[in-house]
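Heads up: the structure comes next, in structure tokens.
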Amino acid sequence: MIAATGMAEPAYFPAAAVHTAKHKRRIKLNAPRHSILVRVTHWITTLSFLGLLVSGVAILLAHPRLYWGETGTAGTPALIDLPLPFLLGGQSGWGRYLHFLSAWVLVLTGFAYMVSGLATGHFYRNLLPSRTGPSEDAFRTYRAPQKLAYLAVVFLLFPLMIWTGLAMSPAVTSVFPELVTVFGGQQSARTIHFLITNILVLFVAVHIVMVAVSGFIRRMRAMIRGNA
Ligand code: HEM
């Protein structure tokens, strides 16, 4: 009775109902595993992260000591004295240039990912742990620890990274001094920036291992082409 309910009655049209369910499942399976926006932003983020890492190491090598508070120089006691060569004045010119370029690429890309993830409900649907437990299709969903790791990276670590980065910019903090005062000074912001880098590098290492052990080719194909 299509007219009364506005929907086909499965009891009267069993074949049609089965067809519709199959059709819906096929549409679901044909839908890309990752949207084009997630894929493009994922790989731009990966590239800019690599640029940030390489240039960050170059900047760090110019002065591989970490301090707490507002100031820190070669003559003052360090919080962490990294066992790395001191290349004062060495590589930090191109390092800084690449660092700021990659940082802005990452900020803009991250912004696009955040806005679309919120607008489309992607974060709510796919990254927020659900109470219902894992879905029957493990390939198309993330597990709870994976979701929590992604949420921490997207909503905590990257924002903190950008914040501590901006807190080291005199141009920015002259307008918004609170950005740096909450950390207790520019050197504290630098140390936190360094510690988050280590956590992110650890995340990426574990992330790649997890992708590798759960079917590297299939998952990579899905993250590149959309479908496995
Ligand atoms: C800075 C480096 C990276 C970050 C921050 C990062 C972050 C993420 C995030 C947040 C997701 C979930 C995306 C979403 O659904 O919205 C994801 C998925 C994924 N990433 Fe990465 N990623 C990085 C590097 C890599 C690298 C180097 C590879 C491969 C070698 C990789 C392979 C994948 C794959 C295959 C997925 C989909 C996982 C699945 O289907 O279970 N990622 N990544």
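Being charged (D, E, K, R) and at pLDDT below 95, is that true of even one residue in the range 160-179? Steps first, answer last, please.
Within the range 160-179, the first condition is being charged (D, E, K, R), and the residues that meet it are 178.
Of the ones still in play, those that are also at pLDDT below 95 are none.
No, the conditions are met nowhere in the range 160-179.
Which condition number in (1) within 16 Å of the ligand (Cβ to nearest atom); (2) without any contact (Cβ under 8 Å) to a residue 24 or more places away in the chain; (3) more than 20 Å from W163 (Cβ to Cβ) is the one that P83 fails?
The failed condition is (1).
I'd like the full set of residues that are under 14 Å from the mean Cα position of the chain (by Cα), within 9 Å of the ligand (Cβ to nearest atom) and either of a type outside the set (A, V, I, L, M) or not in a helix (DSSP H, G or I) (or both), limited to the range 196-228.
Those that are under 14 Å from the mean Cα position of the chain (by Cα), within 9 Å of the ligand (Cβ to nearest atom) and either of a type outside the set (A, V, I, L, M) or not in a helix (DSSP H, G or I) (or both): F203, H207.
With respect to Q187, determine if the residue is farther than 29 Å from I80 by Cβ, of a type outside the set (F, W, Y) and part of a helix (DSSP H, G or I). Give the derivation first.
On the way: farther than 29 Å from I80 by Cβ: no; of a type outside the set (F, W, Y): yes; part of a helix (DSSP H, G or I): yes.
Taking the combined requirement at face value, the residue does not satisfy it.
Can you tell me how many residues within the range 141-159 are assigned to a helix (DSSP H, G or I) and near the ligand (Cβ under 7 Å from one of its atoms)?
Let us first name the residues in the range 141-159 that are assigned to a helix (DSSP H, G or I), namely 144-159.
Among the residues that remain, those that are also near the ligand (Cβ under 7 Å from one of its atoms) are: 146, 150, 153-154.
Count: 4.
Out of curiosity, is G110 part of a helix (DSSP H, G or I), touching a residue at least 12 places away in the same chain (Cβ under 8 Å) and of a type in the set (G, A, S)?
Numbers: part of a helix (DSSP H, G or I): yes; touching a residue at least 12 places away in the same chain (Cβ under 8 Å): yes; of a type in the set (G, A, S): yes.
For G110, the condition - part of a helix (DSSP H, G or I), touching a residue at least 12 places away in the same chain (Cβ under 8 Å) and of a type in the set (G, A, S) - is met.
Of the numbered conditions (1) closer than 21 Å to T45 by Cβ; (2) at pLDDT 95 or above; (3) loosely packed, with under 14 Cβ neighbours inside 10 Å, S214 fails exactly one; give the number of that condition.
It fails just one condition, (2).
Give the residues of the range 115-140 that are in contact (Cβ under 8 Å) with a residue 24 or more places away in the chain and more than 10 Å from the ligand (Cβ to nearest atom), sorted by residue number.
T120
What do you reckon, is S130 of a type in the set (S, T, N, Q), in a loop (DSSP other than H, G, I, E, B) and out of contact with any Pro (no Cβ under 7 Å at 6 or more places or on another chain)?
So S130 passes the test.
Per-residue answers, yes or no, for (1) in contact (Cβ under 8 Å) with a residue 24 or more places away in the chain; (2) in contact with a helix residue (DSSP H, G or I) (Cβ under 9 Å, 6 or more places away or on another chain); (3) farther than 20 Å from R96 by Cα:
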site	(1), (2), (3)
A171	no, no, no
E178	no, no, yes
V182	no, yes, yes
R190	yes, yes, no
T197	yes, yes, no
A205	no, no, yes
V211	no, yes, yes
R218	yes, yes, yes
R221	no, no, yes
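The values are calculated or read from the model by the stated rules, or taken from the named source; none is laboratory data. Source: prediction; values computed, not measured. Every residue, glycine among them, receives a Cβ derived from its backbone with ideal geometry; neighbour counts consider all protein chains shown.
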